[in-house]
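Novice: I have a structure here, written as structure tokens, and I will follow up with some questions on it.
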Amino acid sequence: MFTRSILLTFLFAACASLIDASALVWDQTEVRIEMEPDQEDARASFSVTNKGEKVVRIARVASNCGCTGTILNKKIILPGESTEIIATFSKGKRQGLNRNRLQVYLDSQADAVVTLKMNVQIPTLIEARPQIVYWSPESPKTSRQVRLAVDERYIDQILQIDYDRSQLTVTQEPGNPKNNDALVLSVEPKDFSKLYRGTITVYGSGPDGRKAETRVHAFVQP
């Protein structure tokens, strides 16, 4: 009888938590943000309303990345009231698409009541594909191609390509617009029998004096 009582109490608590969870209505659970090149931070707002008859308390909001934080307007939501969760994203040195997840936990639940998604696209002004070219004793002693793509909204020309001309031969060819290539580099060591580690730096410019650069790392392992 005692065991049955504990089981009933547990089931009641579980049902109550499910009722609390289903009573929460979100204005949105996923956002997509595209940052500007000079923008360091981004924010997204998620609003939730308590449509139930019981008070709901948000215990915590956990993020999958240290780059993402939260500002919670208020934790206790009375019936009929709303609160706002503001997600903050710090760019740092990140590029490309960043998928951030925020899990919201209630006091009465062990599992997250909802996962909020904040997808942040950071423009890559000049993209090198690949970013590493490598030669080993087993690899063919031929040139490696590096394709350069630019975000034409911000960069409209490649200004300069710097590298150690005593160690590498780098030639340039026009890229294929269908593949979004602005330029194709052919990279080849001058001496495959000599250990080498170096960097090719590509500089570009755009409207209003905007500057950008990217790097390609070259390794020769004899």
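Novice: Output the residue which, of all residues in the stretch 149-180 that are surrounded by 11 or more Cβ atoms within 10 Å (Cβ to Cβ), over 23 Å from the mean Cα position of the chain (by Cα) and of a type in the set (D, E, K, R), is farthest from PRO37 (Cα to Cα).
Specialist: If we take residues in the stretch 149-180 being surrounded by 11 or more Cβ atoms within 10 Å (Cβ to Cβ), over 23 Å from the mean Cα position of the chain (by Cα) and of a type in the set (D, E, K, R), then ASP164 is farthest from PRO37 (Cα to Cα).
Novice: In the list GLY92, GLY52, GLY69, which residue meets the criterion of being of a type in the set (Gly, Ala, Ser) and loosely packed, with under 13 Cβ neighbours inside 10 Å?
Specialist: Values: GLY52 fails: loosely packed, with under 13 Cβ neighbours inside 10 Å; GLY69 fails: loosely packed, with under 13 Cβ neighbours inside 10 Å.
Among GLY92, GLY52, GLY69, only GLY92 is of a type in the set (Gly, Ala, Ser) and loosely packed, with under 13 Cβ neighbours inside 10 Å.
Novice: Among the listed residues VAL114, VAL104, VAL133, VAL120, identify the single one that is in contact with a Lys or Arg (Cβ under 7 Å, 6 or more places away or on another chain) and in contact (Cβ under 8 Å) with a residue 40 or more places away in the chain.
Specialist: Details: VAL114 fails: in contact with a Lys or Arg (Cβ under 7 Å, 6 or more places away or on another chain); VAL104 fails: in contact with a Lys or Arg (Cβ under 7 Å, 6 or more places away or on another chain); VAL120 fails: in contact with a Lys or Arg (Cβ under 7 Å, 6 or more places away or on another chain).
Of the residues listed, the single one that is in contact with a Lys or Arg (Cβ under 7 Å, 6 or more places away or on another chain) and in contact (Cβ under 8 Å) with a residue 40 or more places away in the chain is VAL133.
Novice: Oh, and also: Answer with yes or no whether ASP164 is touching a residue at least 24 places away in the same chain (Cβ under 8 Å) and either part of a loop (DSSP other than H, G, I, E, B) or assigned by TED's automatic domain parsing to the domain that holds LYS54 (or both). Steps first, answer last, please.
Specialist: Values: touching a residue at least 24 places away in the same chain (Cβ under 8 Å): yes; either part of a loop (DSSP other than H, G, I, E, B) or assigned by TED's automatic domain parsing to the domain that holds LYS54 (or both): yes.
Spelling it out, ASP164 is indeed touching a residue at least 24 places away in the same chain (Cβ under 8 Å) and either part of a loop (DSSP other than H, G, I, E, B) or assigned by TED's automatic domain parsing to the domain that holds LYS54 (or both).
Novice: Only residues that are in contact with a helix residue (DSSP H, G or I) (Cβ under 7 Å, 6 or more places away or on another chain) and either assigned to a strand (DSSP E or B) or in contact (Cβ under 8 Å) with a residue 60 or more places away in the chain (or both): list them for the stretch 53-97, please. If you could, list the steps in order and put the result at the bottom.
Specialist: Going residue by residue through the stretch 53-97, those that are in contact with a helix residue (DSSP H, G or I) (Cβ under 7 Å, 6 or more places away or on another chain) are 54, 56.
Selection gives VAL56 alone.
Novice: Restricted to the stretch 38-59, and to residues that are closer than 30 Å to ALA212 by Cβ and either out of contact with any strand residue (DSSP E or B) (no Cβ under 8 Å at 6 or more places or on another chain) or β-branched (Val, Ile, Thr) (or both), which residue is modelled with the highest pLDDT? Break it down into steps so the answer makes sense when it comes.
Specialist: Of the residues in the stretch 38-59, the ones closer than 30 Å to ALA212 by Cβ are 38-44.
Next cut, either out of contact with any strand residue (DSSP E or B) (no Cβ under 8 Å at 6 or more places or on another chain) or β-branched (Val, Ile, Thr) (or both) only: 38-39.
Values: ASP38: 92, GLN39: 95.
Once the filter is applied, the top-ranked residue is GLN39.
Novice: Return yes when THR214 is in contact (Cβ under 8 Å) with a residue 60 or more places away in the chain and within 29 Å of PRO37 (Cβ to Cβ) and no when it is not.
Specialist: Working: in contact (Cβ under 8 Å) with a residue 60 or more places away in the chain: yes; within 29 Å of PRO37 (Cβ to Cβ): yes.
Yes: the conditions hold for THR214.
Novice: What are the residues in the stretch 111-138 that are buried (at least 19 other Cβ atoms within 10 Å of the Cβ) and under 23 Å from TRP26 (Cα atoms), if any?
Specialist: VAL113, LEU116, MET118, VAL120
Novice: Right, another one. Test THR214 against the criterion of being over 25 Å from PRO140 (Cα atoms) and surrounded by 12 or more Cβ atoms within 10 Å (Cβ to Cβ), and give yes or no. Walk me through it before giving the result.
Specialist: Numbers: over 25 Å from PRO140 (Cα atoms): yes; surrounded by 12 or more Cβ atoms within 10 Å (Cβ to Cβ): yes.
Here the answer is yes, as THR214 does meet what is asked.
Novice: Which one of these does SER108 not meet: (1) touching a helix residue (DSSP H, G or I) at 6+ places or on another chain (Cβ under 6 Å); (2) assigned to a strand (DSSP E or B)?
Specialist: Exception for SER108: condition (2).
The values are calculated or read from the model by the stated rules, or taken from the named source; none is laboratory data. This is a predicted model, so every value here is computed, not measured. Note: ideal-geometry Cβ built from the backbone for every residue, glycine included; neighbour counts use all protein chains shown.
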